[in-house]
1. With the requirement that a residue be surrounded by 23 or more Cβ atoms within 10 Å (Cβ to Cβ) and either within 15 Å of the ligand (Cβ to nearest atom) or basic (Lys, Arg) (or both), what does segment 154-194 give you?
2. For the structure I just gave you, tell me whether Pro241 is open to solvent by 10 Å² or more (accessible area, probe 1.4 Å) and more than 21 Å from the chain's Cα centre (by Cα).
3. Has segment 487-499 got any residue that is in contact with an Asp or Glu (Cβ under 9 Å, 6 or more places away or on another chain), open to solvent by 30 Å² or more (accessible area, probe 1.4 Å) and at positive phi?
4. From the list Ser285, Ser273, exactly one residue is without any contact (Cβ under 8 Å) to a residue 40 or more places away in the chain and among the polar types (S, T, N, Q). Which is it?
5. If we keep just the residues of segment 30-57 that are assigned to a helix (DSSP H, G or I) and among the β-branched types (Val, Ile, Thr), which is nearest to the chain's Cα centre (by Cα)?
6. Which of the residues spanning segment 294-314 are under 30 Å from Arg477 (Cβ atoms), part of a strand (DSSP E or B) and in contact with a Gly (Cβ under 8 Å, 6 or more places away or on another chain)?
7. Would you say Leu476 is farther than 22 Å from Ala200 by Cβ, among the hydrophobic types (A, V, I, L, M, F, W, C) and out of contact with any Gly (no Cβ under 8 Å at 6 or more places or on another chain)?
8. Can you list the strands (runs of 3 or more DSSP E) lying wholly within segment 177-225 that have 3 or more residues being in contact with a His (Cβ under 8 Å, 6 or more places away or on another chain)?
Amino acid sequence: MTTPTPTLGDFHLPDILNEPMRNYEPNSVDRAELQKAVDELIAAGPQEVPIVIDGREFTSGKKSQQVNPGNHKQVLCNYYEADESMVDAAIQGALKAKEVWANMPWSERAAIGLKAADLIANKYRYKLLAATMVGQGKNVWQAEIDAGAEICDFLRFGVKYIHDMYSIQPPRNSPGVWNRTEYRPLEGFVFAVSPFNFTAIAGNLVMTPALVGNVVLWKPSPMAIYSNYIVFQILKEAGVPDGVIQFVPGDAPTVANAAINHREFSSLHFTGSTFVFRSLWKQISNNLDLYQGYPRIVGETGGKNFHFVHRSANVDAVVTQCIRAAFEFQGQKCSALSRLYVPKSLWEGGMKDKLVSATKGISMGPVNEFKHFMGPVIAKHAFDKILGLIEEAKQQGGQVLTGGTGDDSVGYYIQPTIIETKDPRSVTMVKEIFGPVITVYVYPDNEIEETCKLVDTTTEYALTGSIFSSDRQELLRISNLLRNASGMMYYNDKCTGAVVGQQPFGGARASGTNDKAGSMNIFFRFVSPRTIKESFLDPSTYIYPSNQ
Ligand code: NAD
């Protein structure tokens with residue numbers, strides 16, 4: 001048994017602010033340091049990444065590689081895949097580590113979260129950015145958004161939201177009685193499964209449940225192993241005790257089966273594709289008789305995001321926002337723009353030419369050359385899938401206005417692509433592509449309602465969307481028509497770029513459980529509150545006045 005540590009004060013948190021973004025402009029210290037970190041990482045050759053259970057490093061019989069997607073001959077790291085017995089051992093170890101962690105005073109868990117953010121923002125910023133750039137193919141700005149700012153924001157605002165959640169208590173108006181609510185961590189362990197595309201999301205999938213006292217089995221994406229391992233090491237340095245987070249890369253079904261078929265599995269915290277999330281949910285449902293409780297299932301999944309342009313919109317601004325939303329990080333954001341609805345008058349009146357010509361001017365190349373706006377897509381399977389969908393769209397009558405080709409001889413590069421379609425339900429208007437492709441549907445200016453209906457019903461997803469209009473009445477009308485078409489709605493802004501603490505993120509329908517990462521809401525999913533009523537005065541008789 002551990003002796004509980006007293007909390008001898010009602011501590012106030014430090015001020016919680018968004019991490020300031022750095023610009024990495026030419027001749028700046030930041031740029032020189034980051035360039036050095038990237039160059040050194042590339043020159044160093046393959047890193048070694050172990051499986052980590054209870055703070056001990058393990059190898060296994062199965063070794064795999066994460067390559068640089070911008071130069072696939074270059075191996076960024078060798079890592080080991082956990083087998084079933086290792087996953088079991090990790091779960092046992094996590095459950096043992098739980099008592100100390102869950103009983104740690106909140107101020108100390110909070111301090112660990114805040115310290116991790118400060119370590120990332122300062123000591124490890126360049127290292128984590130370099131790993132995210134080289135491993136996941138992000139250019140400097142995209143890496144800074146992710147591994148410089150957002151990951152710190154998740155940690156710091158997470159601490160603030162938990163603090164606020166803990167302070168939500170029952171009313172204090174019953175004389176002789178004190179009512180309280182305890183926000184207990186879930187019984188058992190949380191299984192976190194993270195995607196390749198955001199280092200910050202991976203860290204958040206783990207730390208959201210951990211900060212409220214849960215223990216977590218973490219299966220990182222094979223395409224983000226190295227940056228995720230650095231995050232894991234930073235969390236350890238910040239003070240997360242051994243065993244609280246178990247780092248278990250491995251074959252996805254092997255790790256998932258061992259976790260989900262365990263009696264003490266209490267929650268899935270997932271971000272990735274809709275298909276994988278659904279299959280895990282079904283597996284969990286089939287196991288309901290096995291579990292001690294009803295598992296919490298939290299997942300943010302695919303998107304098929306839109307820009308709806310009204311004839312009153314500022315065309316130049318729309319063009320800029322479309323390019324950023326669709327082509328930044330090669331369209332590999334769940335929120336990336338994929339469907340563009342433009343009124344005929346604007347499209348033919350110059351927007352088409354402006355969009356195509358600006359897209360043709362985009363610079364693409366390896367991310368260690370900082371000048372490029374775009375880099376590679378993540379892997380061969382993504383490269384093939386994206387080009388395959390473009391081909392299918394062409395066969396369905398889509399007209400490729402620019403791009404449409406790729407080159408995977410050195411890295412997985414796909415030209416930014418614009419397809420114009422006359423069929424609003426053709427393949428690239430419907431399926432998630434996760435690549436640098438916009439499909440444009442030109443609508444008659446006066447068919448706003450019909451077109452909104454199309455936007456709303458064309459796909460199964462409902463993640464992000466934007467409306468561009470300088471006519472307030474029309475903006476509101478369109479917004480009302482599209483109320484359920486996205487969980488994130490932007491007015492005169494691009495459909496990507498949500499900031500923690502400002503725009504809580506998530507979507508509905510096939511896009512996820514919409515628990516809003518980066519808000520207080522999500523923390524409720526990883527606690528099981530206990531209500532405590534304490535009576536200060538003893539009753540003298542069981543008889544009520546009405547019995548007299
Ligand atoms: P993915 O579904 O291929 O992989 C996600 C994770 O699931 C990885 O760790 C992967 O190894 C694991 N996985 C794959 N098959 C599995 C299986 N059978 N059992 C258990 N785990 C399995 O997704 P990805 O390619 O890494 O990421 C891209 C997807 O993530 C896109 O669909 C994107 O929209 C989505 N995404 C959504 C959000 C959001 O907030 N809505 C954010 C980022 C990414």
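1. Phe154, Arg156, Val190, Phe191, Ala192, Val193, Ser194
2. So Pro241 fits the description; yes.
3. yes
4. After ruling out the rest, the residue left standing is Ser285.
5. The residue in question is Val38.
6. Once the filter is applied, which keeps residues that are under 30 Å from Arg477 (Cβ atoms), part of a strand (DSSP E or B) and in contact with a Gly (Cβ under 8 Å, 6 or more places away or on another chain), segment 294-314 yields Glu300, Asn305, Phe306, His307, Phe308.
7. In short, yes.
8. By residue number, 189-193.
The values are calculated or read from the model by the stated rules, or taken from the named source; none is laboratory data. Since the structure is predicted, the reported quantities are computational estimates derived from the model, not experimental observations. Reconstructed Cβ throughout: ideal geometry from the backbone, glycine too, with neighbour counts over all protein chains shown. For accessibility, only protein heavy atoms count, side chains too; no ligands or nucleic acids. Shrake-Rupley method; radii C 1.70, N 1.55, O 1.52, S 1.80 Å.
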